[in-house]
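Enquirer: The structure is given below, and queries will be raised subsequently.
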Amino acid sequence: MPRYDRPPMTQPDHPPVSFVPLALLAVALPFLIAGSAPPTSTYFNQAVAFGGCGVWLLIWALTARPSLAAQPSSAPTKLLLVAGALLVAATLTSSTPWGQRLAPLACLVLAGALMHATAAATRAARLDDWATPLMTALLVAGLLSLVVGLVQVFWPELADGRLVSYPTIAGRAIGNMRQPNQLSTLLLWAAAAAVWLGVRERQPLAVTAVVLSALVFGVALTASRTGSVGVVLLALWGLVDRRLPRPVRGLLLAMLPLYALSWWGLEQWLSAHGVMYYGEDQLKKTLHGDPSSSRGKIWANTWDMICSHPWTGVGVGAYNFIWSMTPFPGRPVAFYDHSHNIVLQLAVESGVPMALVILGCTLAALWQARPALTVADDDRARGARTALFMLVMVGVHSLLEYPLWYVYFLLPAAMLAGWLTGLVPVRPAATTALAVSRLAGAWRSVWCATGALALAGSLWSTVEYGSVAVIFEPDLSWGEPAPLAQRMAKGQRSVLWGHHADYASVTMAAKPEEVFAQFERPLYHLADTRLLIAYARALLARGEIQKATHVAARLREFHNPASADFFAACEAPGAEPSATPFQCLPDPGLPAEALRPAP
């Protein structure tokens, strides 16, 4: 039998710095920020997550012992790093505007560094560096988000937009991320954290029962069908995981009937107070053949795009533009910038071969992580199984939406992956002391540089974002707001967020053809009715009638009420055929790539 190096999971020594406050900053706080500034409602949540994780990584790298950086990586860790490197390569080689690829690139690099750092610390049996602070922060975030959800459902008049986001649907909790499905996933992550911390710290079962019951009730408050699937997964975890204490397994199984009871109780209570429980509407839609809220249509459109671009895809970041410019008479009427399925998204943006390699590396990593689930040490096995459950939870969510495109889910998921792969037994490597020293120095440099750049990047991004936010909300200006034209011109100089300023410029221009070069960035961000009308008129003024007609035909497919005036001329009594407005002409059906704005 081969010999494996399996260090004990007891902490060999205490770190000089407590990382729990850093975890609360980097992981918990981003889920709890209610304040926002246009044009992106979750900007501050994501900026704090990015910068906070950078600070955590930097301080950890500066205070960690050199031996940590010399820990040999397991095969699953290496496979996940390869998958991340391929994602970076796909993003680098895309033809979409550079500024709109810079933020995703930075997030991928930081996620890879966090995953590797967490794996190295776990390999050295230092759970207090990453795993324990992460789980503590997720539990805190879940419990405080539960309070937010309770206010939004039962006392919506107390929501002030500063501590608690305004509820958008009566009788439904949306959290401070303003998305019920994201809130449900956070609450289920918090439930898993409560189980792991409770078992590890030998908390009374009654405490764990109260916490789990409250969190599952919170999932019912979201009326999320994704959350319903997550509660089933929670019960399945209790059913199959024999490493958990029997009372805890029974508690997890009890969460399913408790969830059903909560659903029924909320429906009765809210109905008695004149409010329709949103879960009732969700149930009706599911029973009447719409279990995915039009996702079936967007998935069918995405599959057609994959068939049209099978080898290299449409390019990372180009999904919305190509989809918006491709004829889809049966398209869903909302403007989508994502396929709502991570597998389809990889295939349509990066091409089928690249997607298969990335998914193959990820699945192979999970398969090779199996030894961590079955080691003799119960603490190690429970940690691995908890991390796996949480990754499966966000993975299932990613088959229906795109939580990993939000920094506050992506970076904790990377840490969970590092925790899981760091628990895999590794054969001791036969290397010289000099090689180990050089490896340790190299990794510490990578961690320090990545953390420092993440912190600096978040500050720079926020300054740039402020230059764009004042376009839409002049009161955010320091002192007297500058004229709108000056604010737009300054915002357009932003590398990361200039597309929002371009959008304002082209949609407000009396003659959009005069600012034609400014269409590219907003069109590759998210096309909407105002933008497509302005683009069609700009193309017409430039004499590109077929392109203008094609854009108008695509806009008609969305059936958006805001475009009624634009198409009103098509309902007027006919005149000479030569005088037919361009938006009423037959669809020329041009290739989507031909619609990219050209100087």
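The values are calculated or read from the model by the stated rules, or taken from the named source; none is laboratory data. Keep in mind the model is a prediction, meaning the values are calculated, not measured. When we count neighbours, we look across all protein chains shown, and the Cβ atoms used for this are built from the backbone with ideal geometry, even at glycine.
Enquirer: Among the candidates Pro403, Pro425, Pro412, single out the residue that is under 29 Å from Trp196 (Cα atoms) and modelled with pLDDT under 95.
Expert: Details: Pro403 fails: modelled with pLDDT under 95; Pro412 fails: modelled with pLDDT under 95.
When all the criteria are applied, what remains is Pro425.
Okay, residues lined up against (1) closer than 26 Å to Ser36 by Cβ; (2) buried (at least 18 other Cβ atoms within 10 Å of the Cβ); (3) modelled with pLDDT under 95:
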residue	(1), (2), (3)
Arg162	yes, no, yes
Ser165	yes, yes, no
Gly175	yes, yes, no
Thr226	yes, yes, yes
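Enquirer: Still on this structure, I have one more. Looking for something acidic (Asp, Glu) and either touching a Lys or Arg at 6+ places or on another chain (Cβ under 9 Å) or free of Cβ contacts under 8 Å to residues at least 60 places away in the same chain (or both) - is there at least one such residue anywhere in segment 527-535?
Expert: Initially, segment 527-535 is screened for residues acidic (Asp, Glu), giving 528.
Next, only the ones that are either touching a Lys or Arg at 6+ places or on another chain (Cβ under 9 Å) or free of Cβ contacts under 8 Å to residues at least 60 places away in the same chain (or both) stay: none.
No; the residues of segment 527-535 include none that is acidic (Asp, Glu) and either touching a Lys or Arg at 6+ places or on another chain (Cβ under 9 Å) or free of Cβ contacts under 8 Å to residues at least 60 places away in the same chain (or both).
Enquirer: I'd like to verify a number: residues in segment 506-518 that are surrounded by fewer than 24 Cβ atoms within 10 Å (Cβ to Cβ) and either touching a strand residue (DSSP E or B) at 6+ places or on another chain (Cβ under 6 Å) or assigned to a helix (DSSP H, G or I) (or both), how many? Show your work before the answer.
Expert: Taking segment 506-518 and keeping what is surrounded by fewer than 24 Cβ atoms within 10 Å (Cβ to Cβ), we get 507-511, 513-518.
Now narrow it down to the ones that are either touching a strand residue (DSSP E or B) at 6+ places or on another chain (Cβ under 6 Å) or assigned to a helix (DSSP H, G or I) (or both): 507-508, 513-518.
Summing the residues that are surrounded by fewer than 24 Cβ atoms within 10 Å (Cβ to Cβ) and either touching a strand residue (DSSP E or B) at 6+ places or on another chain (Cβ under 6 Å) or assigned to a helix (DSSP H, G or I) (or both) in segment 506-518 gives 8.
Enquirer: A further question follows. Return yes when Thr208 is farther than 29 Å from Leu87 by Cα, more than 18 Å from the chain's Cα centre (by Cα) and of a type in the set (Ser, Thr, Tyr) and no when it is not. Spell out how you get there, then give the answer.
Expert: Details: farther than 29 Å from Leu87 by Cα: yes; more than 18 Å from the chain's Cα centre (by Cα): yes; of a type in the set (Ser, Thr, Tyr): yes.
Considered against the rule, which asks whether it is farther than 29 Å from Leu87 by Cα, more than 18 Å from the chain's Cα centre (by Cα) and of a type in the set (Ser, Thr, Tyr), Thr208 comes out as yes.
Enquirer: State whether one or more residues within segment 346-353 are modelled with pLDDT of 95 or more, within 26 Å of Thr96 (Cβ to Cβ) and among the charged types (D, E, K, R). Talk me through it step by step, then tell me what you get.
Expert: Narrowing segment 346-353 to residues modelled with pLDDT of 95 or more: 346-353.
Right, trim to within 26 Å of Thr96 (Cβ to Cβ) and you get 346-353.
Keeping just the survivors that are among the charged types (D, E, K, R) gives 349.
Yes, that holds for at least one residue.
Condition check ((1) at pLDDT 95 or above; (2) within 23 Å of the chain's Cα centre (by Cα); (3) of a type outside the set (Lys, Arg); (4) in the same structural domain as Leu186 (by TED's automatic domain parsing)) across all residues:
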| site | (1), (2), (3), (4) |
| --- | --- |
| Arg3 | no, no, no, no |
| Arg6 | no, no, no, no |
| Thr10 | no, no, yes, no |
| Ala26 | yes, yes, yes, yes |
| Thr40 | no, yes, yes, yes |
| Tyr43 | yes, yes, yes, yes |
| Phe50 | yes, yes, yes, yes |
| Ala75 | no, no, yes, yes |
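Enquirer: Within segment 234-253, can you find the residues that are assigned to a helix (DSSP H, G or I), touching a residue at least 40 places away in the same chain (Cβ under 8 Å) and surrounded by 15 or more Cβ atoms within 10 Å (Cβ to Cβ)?
Expert: Residues of segment 234-253 that are assigned to a helix (DSSP H, G or I), as a first pass: 234-240, 246-253.
Keeping just the survivors that are touching a residue at least 40 places away in the same chain (Cβ under 8 Å) gives 234, 237, 247-248, 251-252.
Residues satisfying the conditions are Leu234, Trp237, Val248, Leu251, Leu252.
Enquirer: Something else about it: Quick one: count up the residues across segment 495-505 that are without any contact (Cβ under 8 Å) to a residue 40 or more places away in the chain and either surrounded by fewer than 20 Cβ atoms within 10 Å (Cβ to Cβ) or farther than 20 Å from Asp337 by Cα (or both).
Expert: Of the residues in that region, 1 qualify.
Enquirer: Of the numbered conditions (1) surrounded by 15 or more Cβ atoms within 10 Å (Cβ to Cβ); (2) touching a Leu at 6+ places or on another chain (Cβ under 9 Å); (3) modelled with pLDDT under 95, Pro474 satisfies every one except a single condition; which is it?
Expert: Against the list (1) surrounded by 15 or more Cβ atoms within 10 Å (Cβ to Cβ); (2) touching a Leu at 6+ places or on another chain (Cβ under 9 Å); (3) modelled with pLDDT under 95, Pro474 comes up short only on (1).
Enquirer: Of the numbered conditions (1) charged (D, E, K, R); (2) over 30 Å from Leu62 (Cα atoms); (3) in the same structural domain as Trp60 (by TED's automatic domain parsing), Arg444 satisfies every one except a single condition; which is it?
Expert: (2)
Enquirer: Here is a further query. Would you mind finding the one in Gly171, Gly218, Gly149 that is modelled with pLDDT under 95, farther than 20 Å from Gly52 by Cβ and either buried (at least 24 other Cβ atoms within 10 Å of the Cβ) or in contact with a Gly (Cβ under 9 Å, 6 or more places away or on another chain) (or both)?
Expert: On the way: Gly218 fails: modelled with pLDDT under 95; Gly149 fails: modelled with pLDDT under 95.
Going through Gly171, Gly218, Gly149 in turn, just one is modelled with pLDDT under 95, farther than 20 Å from Gly52 by Cβ and either buried (at least 24 other Cβ atoms within 10 Å of the Cβ) or in contact with a Gly (Cβ under 9 Å, 6 or more places away or on another chain) (or both): Gly171.
Enquirer: For segment 131-174, name all the residues that are of a type outside the set (S, T, N, Q), in a loop (DSSP other than H, G, I, E, B) and in contact with a helix residue (DSSP H, G or I) (Cβ under 9 Å, 6 or more places away or on another chain).
Expert: Of segment 131-174, the ones of a type outside the set (S, T, N, Q) are 131, 133-135, 137-144, 146-151, 153-164, 166-167, 169-174.
Narrowing the set further to residues that are in a loop (DSSP other than H, G, I, E, B) leaves 155, 159-164, 166-167, 169-174.
Correct list: Ala159, Leu163, Val164, Tyr166, Pro167, Ile169, Ala170, Gly171, Arg172, Ala173, Ile174.
Enquirer: Taking segment 18-36, which residues are under 18 Å from Asp128 (Cβ atoms) and outside any loop (DSSP other than H, G, I, E, B)? Talk me through it step by step, then tell me what you get.
Expert: Kept after step one, since they are under 18 Å from Asp128 (Cβ atoms), are these residues of segment 18-36: 18-28.
If the condition is that a residue be under 18 Å from Asp128 (Cβ atoms) and outside any loop (DSSP other than H, G, I, E, B), then Val20, Pro21, Leu22, Ala23, Leu24, Leu25, Ala26, Val27, Ala28 are the ones that fit.
Enquirer: Moving on. Given the residues Ala254, Ala206, which is the only one that is of a type in the set (A, V, I, L, M), over 29 Å from Tyr406 (Cα atoms) and in contact with a helix residue (DSSP H, G or I) (Cβ under 9 Å, 6 or more places away or on another chain)?
Expert: Working: Ala206 fails: in contact with a helix residue (DSSP H, G or I) (Cβ under 9 Å, 6 or more places away or on another chain).
It is Ala254.
Per-residue answers, yes or no, for (1) in a helix (DSSP H, G or I); (2) of a type in the set (A, V, I, L, M); (3) assigned by TED's automatic domain parsing to the domain that holds Trp264:
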residue	(1), (2), (3)
Arg178	no, no, yes
Asn181	yes, no, yes
Leu187	yes, yes, yes
Ala192	yes, yes, yes
Leu215	yes, yes, yes
Ala220	yes, yes, yes
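For every residue, the table says whether it meets (1) of a type in the set (A, V, I, L, M, F, W, C); (2) within 26 Å of Leu92 (Cβ to Cβ); (3) under 18 Å from the mean Cα position of the chain (by Cα).
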{"site": "Met354", "(1), (2), (3)": "yes, yes, no"}
{"site": "Gln368", "(1), (2), (3)": "no, no, no"}
{"site": "Arg382", "(1), (2), (3)": "no, no, no"}
{"site": "Val392", "(1), (2), (3)": "yes, no, yes"}
{"site": "Tyr402", "(1), (2), (3)": "no, yes, yes"}
